[in-house]
Amino acid sequence: MIRVLIVDDSALVRQVVTQALSREAGIEVIGAAPDPLFALERMKSNWPDVIICDIEMPRMDGISFLRKVMAERPTPVVICSSLAESGAQATFGALSAGAVSIITKPKVGLKSFLEDASNDIAQAVRAAARANLGAAFSSSDCDIHIGAWRMNREQRSTGEVLRLQMNSPQFSYDFTLTPSQPLLLQGDGGYSRKGQAAALASYYVSWPQLQVAGSLLFDGQRRAASGRAWFDHEWSTAILGGDAVGWDWLGINLADGGALMAFRMRDSQGATLFAHAAWRDAGGQVRQFAAGEVAFHPLRHWASPRSGASYPVQIEIRLGELTLRTRPVLDDQELSTSRPAPVVYWEGLVRLEGSLSGRGYLEMTGYAGRLQL
């Protein structure tokens, strides 16, 4: 029996969908909630197998609810919303937050649509119930999967590549990442200091300028996709010192084919405790910047409406004689998880301008409280 919870602020939607699913063999509607907060309270004692959820609702929107569910206890979610139109930002937001299926409601004629689409809704529920939201990894090679997403390394006649795959009915991709340059060993041959004490360090390797090729399936349409990617692998037993609350980190594929990594460790007042950077130019020469040559200066902050944290989404970074500036693609790129431990941080796409230019990722931790590792 597939146990379903319906979360929608429309009483009509809750009634019609409940009636439609109740007629289906193997499906049981265990409840219907008018908003996510009511749903979360109900789920404390009766967690569903599948959730059908609207996007625009009072007190908490559906995408925030989806993120909260995925962080606490990953559960298949079918989005049913008039905002989830083909190519809409809300659709991409729902899929990136973990939705396994999308049903677009019309803005008019809603009751007749829901009655006519009852079979489609039931099929979406059954498909969602079969979704694999588990996770596993290999201890001997790069082979990881989380739900419908997988990353693994493959050896081909032309050399090794990384493969990224995501499979769901509405959104899928299959990308091959081919190295175009050698690994970049950060710090001293891959030993990256994070503070003055020798124990504050990590083993850290980057693979910039990976050439991406493959296809993307969205809303039934398959498109060729290409681009560049950056792969990081870092592990440690101790990174944050006694006064450190978090870090600011930047990884950029430069427009000229080079690569840049820079970071700083911060205290609770925003002062830099330790910093480092590495710049590989277009010719392959690597320049390391010592802590005294690296400076981060916030230019503009964005305040999260969820956590209340204030993030410097635009930063001026000085590396020796170089002056660089970050510019976010979107201000709101905050991530929040609750398992295995609560972590709230900002990580997202940025453009780099100034002495060097390119695109990549900025990660900022410790702004919503000291990072617990």
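Taking residue 259 as the residue in question, decide whether it is assigned by TED's automatic domain parsing to the domain that holds residue 286 and within 28 Å of residue 193 (Cβ to Cβ). Judged against the criteria, residue 259 is a match.
Counting only residues that are over 18 Å from residue 360 (Cα atoms), in contact (Cβ under 8 Å) with a residue 24 or more places away in the chain and among the aliphatic types (A, V, I, L, M), segment 241-290 holds 5 of them. Just to verify a result, which residue in segment 209-252, among those that are in a loop (DSSP other than H, G, I, E, B) and not acidic (Asp, Glu), is farthest from residue 193 (Cα to Cα)? Only one residue fits best here, namely 220.
Within segment 294-305, not a single residue is out of contact with any Ser or Thr (no Cβ under 9 Å at 6 or more places or on another chain), assigned by TED's automatic domain parsing to the domain that holds residue 368 and within 19 Å of residue 371 (Cα to Cα).
Step by step: first the residues of segment 296-355, then only those that are of a type in the set (Val, Ile, Thr) and at pLDDT 95 or above, then the one that is farthest from the chain's Cα centre (by Cα). Which residue is that?
323
Of all residues in segment 137-180, those satisfying the criterion of being of a type in the set (Ser, Thr, Tyr), assigned to a loop (DSSP other than H, G, I, E, B) and surrounded by fewer than 17 Cβ atoms within 10 Å (Cβ to Cβ) are 138, 139, 140, 157, 158, 180. For beta carbons closer than 6 Å, sequence separation of 6+ or different chains, a first residue in segment 116-134 that is in the same structural domain as residue 74 (by TED's automatic domain parsing) and surrounded by 14 or more Cβ atoms within 10 Å (Cβ to Cβ) and a second that is part of a helix (DSSP H, G or I) and at pLDDT 85 or above, the qualifying pairs are 118/20. Apart from one condition, residue 113 fits all of (1) of a type in the set (Phe, Trp, Tyr); (2) in contact with a helix residue (DSSP H, G or I) (Cβ under 6 Å, 6 or more places away or on another chain); (3) within 23 Å of residue 221 (Cβ to Cβ); the exception is (2).
Being surrounded by 15 or more Cβ atoms within 10 Å (Cβ to Cβ), of a type outside the set (Asp, Glu) and not in a helix (DSSP H, G or I) is the filter here, so list the residues in segment 1-22 that pass it. Correct list: 2, 3, 4, 5, 6, 7, 10. Residues that are in contact with a Phe, Trp or Tyr (Cβ under 9 Å, 6 or more places away or on another chain) number at least 3 in the following helices (runs of 4 or more DSSP H) confined to segment 23-113: 36-43, 89-97. In this structure, is residue 213 modelled with pLDDT of 95 or more and assigned by TED's automatic domain parsing to the domain that holds residue 371? Judged against the criteria, residue 213 is not a match. Counting only residues that are touching a Leu at 6+ places or on another chain (Cβ under 6 Å) and under 14 Å from residue 78 (Cβ atoms), segment 18-38 holds 2 of them.
Remark: pairs (first residue in segment 356-372, assigned by TED's automatic domain parsing to the domain that holds residue 277 and under 18 Å from residue 298 (Cα atoms); second residue modelled with pLDDT of 90 or more and among the acidic types (Asp, Glu); Cβ separation under 7 Å; 6+ apart in sequence or on different chains) = 361/347; 363/347; 364/248. Taken residue by residue, segment 325-340 has at least one member that is surrounded by 15 or more Cβ atoms within 10 Å (Cβ to Cβ) and among the β-branched types (Val, Ile, Thr). Kindly check whether there is at least one residue in segment 270-280 that is in a strand (DSSP E or B), over 21 Å from the mean Cα position of the chain (by Cα) and hydroxyl-bearing (Ser, Thr, Tyr). Yes: segment 270-280 contains one or more residues that are in a strand (DSSP E or B), over 21 Å from the mean Cα position of the chain (by Cα) and hydroxyl-bearing (Ser, Thr, Tyr).
The values are calculated or read from the model by the stated rules, or taken from the named source; none is laboratory data. Computed from a prediction, not measured in an experiment: that's the story for all the values here. Methodologically, a virtual Cβ is constructed for each residue, glycine included, from the backbone with ideal geometry; neighbour enumeration extends over all protein chains shown.
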